[in-house]
1. So which of Gly102, Gly56 ends up being assigned by TED's automatic domain parsing to the domain that holds Met322 and either free of Cβ contacts under 8 Å to residues at least 60 places away in the same chain or part of a helix (DSSP H, G or I) (or both)?
2. Kindly indicate whether Ile123 is buried (at least 20 other Cβ atoms within 10 Å of the Cβ), more than 19 Å from the chain's Cα centre (by Cα) and either of a type in the set (Lys, Arg) or in a strand (DSSP E or B) (or both).
3. Can you tell which of Ala63, Ala77 is aliphatic (A, V, I, L, M), modelled with pLDDT under 95, at negative phi and assigned to a helix (DSSP H, G or I)?
4. Within region 216-263, count every residue that is more than 21 Å from the chain's Cα centre (by Cα) and over 25 Å from Ser291 (Cβ atoms).
5. In region 42-96, what residues are more than 21 Å from the chain's Cα centre (by Cα) and hydroxyl-bearing (Ser, Thr, Tyr)?
6. Can you list residue pairs whose Cβ atoms sit under 6 Å apart, with the first residue in region 184-201 being outside the structural domain of Ser47 (by TED's automatic domain parsing) and the second being surrounded by 21 or more Cβ atoms within 10 Å (Cβ to Cβ) and of a type in the set (Lys, Arg)? Count only pairs 6 or more apart in sequence or on different chains.
7. Answer yes or no as to whether Val287 is crowded, with 24+ Cβ neighbours inside 10 Å, in contact with a Gly (Cβ under 7 Å, 6 or more places away or on another chain), touching a residue at least 40 places away in the same chain (Cβ under 8 Å) and under 14 Å from Thr156 (Cβ atoms).
8. Quick one: is Gly229 closer than 24 Å to Gly153 by Cβ and at pLDDT below 95?
Amino acid sequence: MEEKIISQDCQRNGERCRILAIESSCDETAAAVVENGRKVLSNIISSQIALHTLYGGVVPELASRKHIEKINQVIEAALSEAGVSLEEVDAIGVTYGPGLVGALLVGVAEAKAIAYAAKKPLIGVHHIEGHVSANFIEHPDLEPPFICLIVSGGHTHLVIVKDYGEFEILGRTRDDAAGEAFDKVARAVGLGYPGGPKVDKVAKEGNPHAVEFPRAKIEGSPYDFSFSGLKSAVLNYINHANMMGQEICVPDLAASFQNAVVEALVSRAVMAAKEYGYSKLAMAGGVASNSALRAGMREACEKAGISLYYPSPILCTDNAAMIGAAAYYEYKKGTRHGWDLNAVPNLKLGER
């Protein structure tokens, strides 16, 4: 249960506020120590990519077991690298949703145990709020309000960041998330898992206009996204080529698919910034590290006179530093969670 209390601002009189953050929503076991929301003292990530590659995607039960094996190690490493003891930490932040329920439970249980034993405040963090907050770490000049495009394996949202932790959703995907579409197309052409980075890499060798795939628009919802039709168009193209005995140029196919995704994301984000009168636009989530998306968004923002922000690739994918940044601003607002904090796998953005 979340409680609001009178916040004791730990920056008062020049004091430092350090958050020990834990992230275990999917297949990365991560811990970090973040100071005053923007300075990363440590950011330890134990990746499970090699394990799940054997199965072509994340196996939830295996992910949970691996989190149990690694979580104490990454927390100890994060404290050690930061050069701080648990006693010197001001609060414990943890992702409690959305994500895989078993994976989330490992992190939440660990955070509650540490917070209880060390007598530290507990702060549950929305995973997507964490992705947005990754931008605050590397861009000290970035302050709300601004437009943010959130693109990951499970989420595609276009939002106004009205304040720290306060969002107005303008649009979202009606079906597949952008990252999910990347994974499915990568699997269909034999690139394997994880799909996003592999499609991005091979697309650099292809012609983005070799195949003109459809760009879906939702009538009456100009900022919503739909990628299932695009994914189906790619699969139909592959099936037709196979039936006709035609060779498929994978780089051209990957580049054309990626171009369709990028165009949909860029056009809506820039249109929203213009219509709502924002001169700052940020990107967040794993797909925000895609090179074509970054290039396309840079070009569009330069033409529109919009300042563009995005984190380094290591802070785009799941990590605990972004959770520490988000937890800090929740801490300052007075957010505290009780020992009944639970994993919420389908937690919606803006819900508490």
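1. Unique residue meeting the criteria: Gly102.
2. no
3. Matching residue, one of Ala63, Ala77: Ala63.
4. Final tally of qualifying residues: 17.
5. Tyr55, Ser80, Ser85
6. Lys184/Lys231
7. yes
8. Working: closer than 24 Å to Gly153 by Cβ: yes; at pLDDT below 95: yes.
Yes.
The values are calculated or read from the model by the stated rules, or taken from the named source; none is laboratory data. The shown structure was predicted, so the numbers you read here are calculated from the model rather than taken from an experiment. A quick note on method: Cβ atoms are made from the backbone with ideal geometry, for glycine too, and the neighbour counts reach across all protein chains shown.
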